[in-house]
1. Please enumerate the residues belonging to the stretch 107-142 that are assigned to a helix (DSSP H, G or I), free of Cβ contacts under 8 Å to residues at least 24 places away in the same chain and among the small types (Gly, Ala, Ser).
2. Do we find a residue being among the aliphatic types (A, V, I, L, M), within 16 Å of the ligand (Cβ to nearest atom) and in contact with a strand residue (DSSP E or B) (Cβ under 9 Å, 6 or more places away or on another chain) anywhere in the stretch 62-80?
3. Within the stretch 2-16, take every residue that is within 9 Å of residue 174 (Cβ to Cβ) and of a type outside the set (Val, Ile, Thr) and give me the one that is nearest to the ligand (Cβ to nearest atom).
4. Return yes or no: is residue 11 small (Gly, Ala, Ser) and in contact (Cβ under 8 Å) with a residue 40 or more places away in the chain?
5. Restricting the search to the stretch 53-107, which residues are within 15 Å of residue 208 (Cβ to Cβ) and of a type in the set (Val, Ile, Thr)?
6. Consider the stretch 29-59. How many of its residues are within 15 Å of the ligand (Cβ to nearest atom) and within 23 Å of the chain's Cα centre (by Cα)?
7. Checking the condition away from the ligand (no atom under 15 Å from the Cβ) and either within 17 Å of the chain's Cα centre (by Cα) or part of a strand (DSSP E or B) (or both), which residue from 148, 97 passes?
8. Mind listing just one residue for me: the one in the stretch 151-196 that is among the basic types (Lys, Arg) and under 12 Å from the mean Cα position of the chain (by Cα) and, of those, farthest from the ligand (Cβ to nearest atom)?
Amino acid sequence: MVTITLDDGWATQYTKARPALNARNMDATYALVTNAISQGWGGYMSLAQVQTLVAEGNDIASHTLTHPDLTTLSAPQLTSELQDSQAWLLSNLNVSAVPSFVVPYGIYNNTVQGSIRQYYASSRTVNAGRNFRDTLVYELRGNDVHRAVTVATVRGWIDQAIAEKSWLILVFHEFVDGTPTRDTQYKTANFASILNYIQTRGARTVTLSEGVAMMEGRTDPDPVAGLPIYADALESGFANWSWATHSLDETGVVHAGSSAISFEADAWSGLMFHHSGVDLSLYQSLELWVHGGTTGGQSVQLVLHDGTQTLGAVSLDAALGAAIAPGTWQKVTVPFSSLGLTSGTLVDLYFQDASGGDQATVYLDDISLIPH
Ligand SMILES: [Zn+2]
């Protein structure tokens, strides 16, 4: 599931993000700096606008009175920032409770967290990552979508959350239609593209308080799987652009599940799996299983490509440390560190004949990206 959080109460959240959300029937969590609303700070939403957000079914979180670094405050100041902001929201908005807190700048320590626990049921940080059943609800992870974060990167986060059935919380601040001039600004059209992708992938959108409730109610074990590229078919948005003779539905030689890939690695031909873009900085390695068919010893090159240039390449036998064996499945792990690869966007994944000749059929199965 995915949560859209909008921090601070900027006016452009109402004028630019809200129409995009409403057009898609998505609720969001607005984390408000309450003095900005009550004192009418320039550039922030009005009380009437915030009341409209509540009437439309959105979730409100407290983001303190004045947005201080909470670790620098005296005990009475800390209490006031937490308690008085919540009290103001309860008395000015038509809400029965304000269970969610968002930490200014994501800066907290044990003292701050102890105070937050007295007044709130959860607290969101800007520590990057996804949330699982065992994530501390007072240290909810949120991925900051600042101006340099591409739509492709956010799509990768969404793909990863879907693959591992985790909870992704996205953090936005201001919105602009043109080119952002501050780190906290995000292009409205890119925000809409992200919302479209959430819908395309069928991810469930929840508010912060809904997400915490579902997290506590979960009974499924935490998944550990990576992002699947091929299991019994291509997954996670990968499309088949292969030009070699091949089948993605081989049922005679299968590692797990019902199908594998059979591949005639001849005359430089190849398998090519295309994606709109996977952010490789989220992953540490590529794993797959290979079977050498009747003869083994095939020469097959694995290539990660960003659509413009090669990001990394290795032959499967080099990655195995031995020739591909006949008649058996072997696991291949390609650590990205071994390719000198720490970032980049995976657009095309190739398995290509490196012999130029005629080789026996080779089989592949269970190809996935392993997260850090
Ligand atoms: Zn903030």
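Laboratory data are not the source of any read-out in this text; all were calculated from the coordinates shown. Just so it is clear, the model here is predicted, and its values are computed rather than measured. Neighbour counts run over all protein chains shown; Cβ positions are idealised from the backbone, glycine included.
1. The one that is assigned to a helix (DSSP H, G or I), free of Cβ contacts under 8 Å to residues at least 24 places away in the same chain and among the small types (Gly, Ala, Ser): 114.
2. No, the conditions are met nowhere in the stretch 62-80.
3. Ranking the qualifying residues of the stretch 2-16, first place goes to 8.
4. It is false that residue 11 is small (Gly, Ala, Ser) and in contact (Cβ under 8 Å) with a residue 40 or more places away in the chain.
5. Result: 54, 60, 95, 98, 102, 103.
6. Of the residues in that region, 3 qualify.
7. Of 148, 97, the one residue that is away from the ligand (no atom under 15 Å from the Cβ) and either within 17 Å of the chain's Cα centre (by Cα) or part of a strand (DSSP E or B) (or both) is 148.
8. Step by step, filter the stretch 151-196, then rank; the result is 165.
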